[in-house]
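Coordinate-derived values only; no laboratory data. Since we're looking at a predicted model, the values are computed, not measured. Neighbour counts run over all protein chains shown; Cβ positions are idealised from the backbone, glycine included.
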Amino acid sequence: MATTLTGANVNDVTQLLPLVEAIPTLRGKRGRPRRRPKRVQGDRGYDSNSHRRQLRARHIQPVLARRFTEHGSGLGVHRWVVERTIAWLHQFRRLRVRFERLDEIHEAFLSIGCSLICLRHL
């Protein structure tokens, strides 16, 4: 799991590539661990040719919904994973509403919350 912390007025699409770069190595099968995911899924807000090109240059398959198309693209089947994880993070009161003024403190609580979610999932 990877997270980034930004200001409230920062557009999400600007954080797509830094977030992909923040993903830790993935362990699993024998051999060298994967350094990047196989694919990235996103909604219509992330649809741009430059992002698709940059993800393909990193050998990542972009599964991004196209703008100006009908709903029912199939991403809704997998999007619940992200929405569920955000709901799990909001169960921690200190993450639901930000009371801390310092970014480092809020980021520490975010890391603790992600660690607890991963521990419960395992």
Check: Excluding residue 113 itself, what net charge comes from residues whose Cβ is under 12 Å from its Cβ, given Lys and Arg +1 and Asp and Glu -1?
Finding: +3
Next item on the list: Might you report the magnitude of the Cβ-based charge dipole of the stretch 12-121 about its Cα centre, with Lys and Arg at +1 and Asp and Glu at -1, to the nearest 20 debye?
Entry: 720 debye
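Quick one: longest stretch of the chain between exposed loop trypsin sites (Lys or Arg not before Pro), exposed meaning at most 12 other C-beta atoms within 10 Å and loop per DSSP?
The segment 68-100 is the longest one with no such site.
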Margin query: Whole-Hz ³J(HN,Hα) for each residue in the stretch 29-38, computed from phi via Karplus 6.51 cos²θ - 1.76 cosθ + 1.60 with θ = phi - 60°, x for glycine and proline: what do you get?
Written below: 5, 4, x, 5, x, 5, 9, 8, x, 6
Notebook entry, point to check: Label points 7 Å out from Cα along the Cβ direction at residue 101 and residue 29: separation in nm?
Noted result: 5.2 nm
Next item on the list: From the C-alpha gyration tensor of the stretch 12-121, pull out the three semi-axes of the equivalent ellipsoid (sqrt of 5λ each), sorted largest to smallest, in whole Å.
Entry: 26, 20, 15
Check: Can you give the net charge of the other residues whose Cβ lies under 13 Å from the Cβ of residue 48, counting K and R as +1 and D and E as -1?
Finding: +3
Next item on the list: Give me the distance in nm between label points sitting 7 Å out from Cα along the Cα-to-Cβ direction at residue 111 and residue 22, one decimal.
Entry: 1.2 nm
Next item on the list: For every helix of n ≥ 4 consecutive DSSP H residues, a contribution of -39,500 (n - 2.57) applies; sum these over the chain, divide by its total residues, and give [θ] at 222 nm rounded to the nearest 500 deg cm²/dmol.
Entry: -13000 deg cm²/dmol
Notebook entry, point to check: What nm distance separates the two modelled labels at residue 122 and residue 93, each placed 7 Å from Cα along Cα→Cβ?
Noted result: 2.8 nm
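Taking all pairs of distinct Cα atoms, average 1/r, flip it, and tell me the Kirkwood hydrodynamic radius of the stretch 13-74 in Å to one decimal place.
On the way: mean 1/r = 0.0781 Å⁻¹.
Result for the stretch 13-74, one decimal place: 12.8 Å.
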